[in-house]
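Colleague: There's a structure below that I have some questions on.
The values are calculated or read from the model by the stated rules, or taken from the named source; none is laboratory data. None of these values were measured; they are calculated from a predicted model. Reconstructed Cβ throughout: ideal geometry from the backbone, glycine too, with neighbour counts over all protein chains shown. Protein only, heavy atoms only, side chains kept; ligands, DNA and RNA dropped before computing areas. Shrake-Rupley method; radii C 1.70, N 1.55, O 1.52, S 1.80 Å.
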Amino acid sequence: HLGTIDIPEGMKDLLVPDMNANWLSIPTADGSRERATLFDDTAQFMLAPRADSTLWESEISQKDQGFSWMLGSTTGTYSPGHSDSSGFGTYVHQEAGIKLFLVQNMVNGVPTLPRCRENWNLKACEWTPVLLYPGETLYLRPATPHIVITIATSVCQGGHFFNYDTLRLSFIGIVAEHFNGSNITNAGHPNVGLLFLKAVDGLMASLEALSE
């Protein structure tokens, strides 16, 4: 179910004792993202022509914008506190090894992301630990700060998605990233804004159809 993985030659370093490696966003050749379909209710408005709303011709696709990727990391490596970019929701499926996710607790349903370049005090936040074992999948809502620690050398399949129930969180994440950039995220997808607008356009068209 992994499909074909296009990875750097150095991926073999995962098997080298005492080697520190932490690869993010390794592309999957087939763009496989079957686990995202559980929550992704916007793809239908991004990739297929529709007669009931504006059709935007674009070469941008979900496969091109980091919607599907692999992770590879050795024991002891970590990713510091960050929120995934572009208002994305995220899923991570553990194929091998063990990862520890520290997921920040939201306050009244809202993440405590920094605003207007305020200092982001990670120590003042409350975190929920989540151990991810082989065969398990973690889903993160948009704008959810998290820390990732590799407990045992790991390979994961993951990806991003948008969901209409969490659009407000997507907007919060996009605005926070606008002001803070790489200070609060560890990867960027600068061209994904058009896909997000397509998703919003599809939602508005659906709501208009319901009101008629």
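Colleague: How do the pairs read when you match residues in segment 198-212 that are open to solvent by 40 Å² or more (accessible area, probe 1.4 Å) with residues anywhere that are among the acidic types (Asp, Glu), using Cβ under 9 Å and keeping only pairs 6 or more apart or on different chains?
Modeller: SER206/ASP52; GLU208/ASP52; ALA209/ASP52
Colleague: Continuing with the same structure: Select from segment 171-184 the residues that are open to solvent by less than 20 Å² (accessible area, probe 1.4 Å) and either within 14 Å of the chain's Cα centre (by Cα) or of a type in the set (A, V, I, L, M) (or both) and list them in ascending order. Spell out the reasoning first.
Modeller: First, pick out the residues of segment 171-184 that are open to solvent by less than 20 Å² (accessible area, probe 1.4 Å): 173, 176, 180, 184.
Selection gives GLY173, ALA176, ILE184.
Colleague: How many residues does segment 81-103 hold that are over 15 Å from the mean Cα position of the chain (by Cα) and not aliphatic (A, V, I, L, M)?
Modeller: The qualifying residues number 3.
Colleague: Another question about this same structure. Report, by residue number, each residue of segment 122-166 that is in contact with a helix residue (DSSP H, G or I) (Cβ under 8 Å, 6 or more places away or on another chain) and among the small types (Gly, Ala, Ser).
Modeller: Passing the criteria: ALA143, GLY159.
Colleague: Any residue at all in segment 110-118 that is closer than 21 Å to SER68 by Cβ and either aliphatic (A, V, I, L, M) or in contact with an Asp or Glu (Cβ under 9 Å, 6 or more places away or on another chain) (or both)? Let's see the steps before the verdict.
Modeller: Within segment 110-118, the first condition is being closer than 21 Å to SER68 by Cβ, and the residues that meet it are none.
The answer is no; no qualifying residue exists.
Colleague: From the residues in segment 188-197 that are open to solvent by 40 Å² or more (accessible area, probe 1.4 Å) and assigned to a loop (DSSP other than H, G, I, E, B), which one is modelled with the highest pLDDT?
Modeller: That would be GLY188.
Colleague: Still on this structure, please answer the following. Only one residue in ARG168, ARG141 is farther than 21 Å from ASN22 by Cα, surrounded by 15 or more Cβ atoms within 10 Å (Cβ to Cβ) and out of contact with any Asp or Glu (no Cβ under 6 Å at 6 or more places or on another chain). Which one?
Modeller: Numbers: ARG168 fails: surrounded by 15 or more Cβ atoms within 10 Å (Cβ to Cβ).
Of the residues listed, the single one that is farther than 21 Å from ASN22 by Cα, surrounded by 15 or more Cβ atoms within 10 Å (Cβ to Cβ) and out of contact with any Asp or Glu (no Cβ under 6 Å at 6 or more places or on another chain) is ARG141.
Colleague: Looking for something touching a helix residue (DSSP H, G or I) at 6+ places or on another chain (Cβ under 8 Å), modelled with pLDDT under 85, under 19 Å from ILE184 (Cβ atoms) and not in a strand (DSSP E or B) - is there at least one such residue anywhere in segment 70-83?
Modeller: Looking for residues that are touching a helix residue (DSSP H, G or I) at 6+ places or on another chain (Cβ under 8 Å), modelled with pLDDT under 85, under 19 Å from ILE184 (Cβ atoms) and not in a strand (DSSP E or B), one finds none in segment 70-83, hence no.
Colleague: List the residue pairs whose Cβ atoms are under 9 Å apart, where the first residue sits in segment 89-110 and is under 19 Å from PHE161 (Cα atoms) and open to solvent by less than 40 Å² (accessible area, probe 1.4 Å), the second is among the hydroxyl-bearing types (Ser, Thr, Tyr) and not in a strand (DSSP E or B), and the two are 6 or more positions apart or on different chains.
Modeller: Correct list of pairs: GLY89/THR144; GLY89/THR166; GLY89/SER170; THR90/THR144; GLN94/TYR133; VAL103/THR144.
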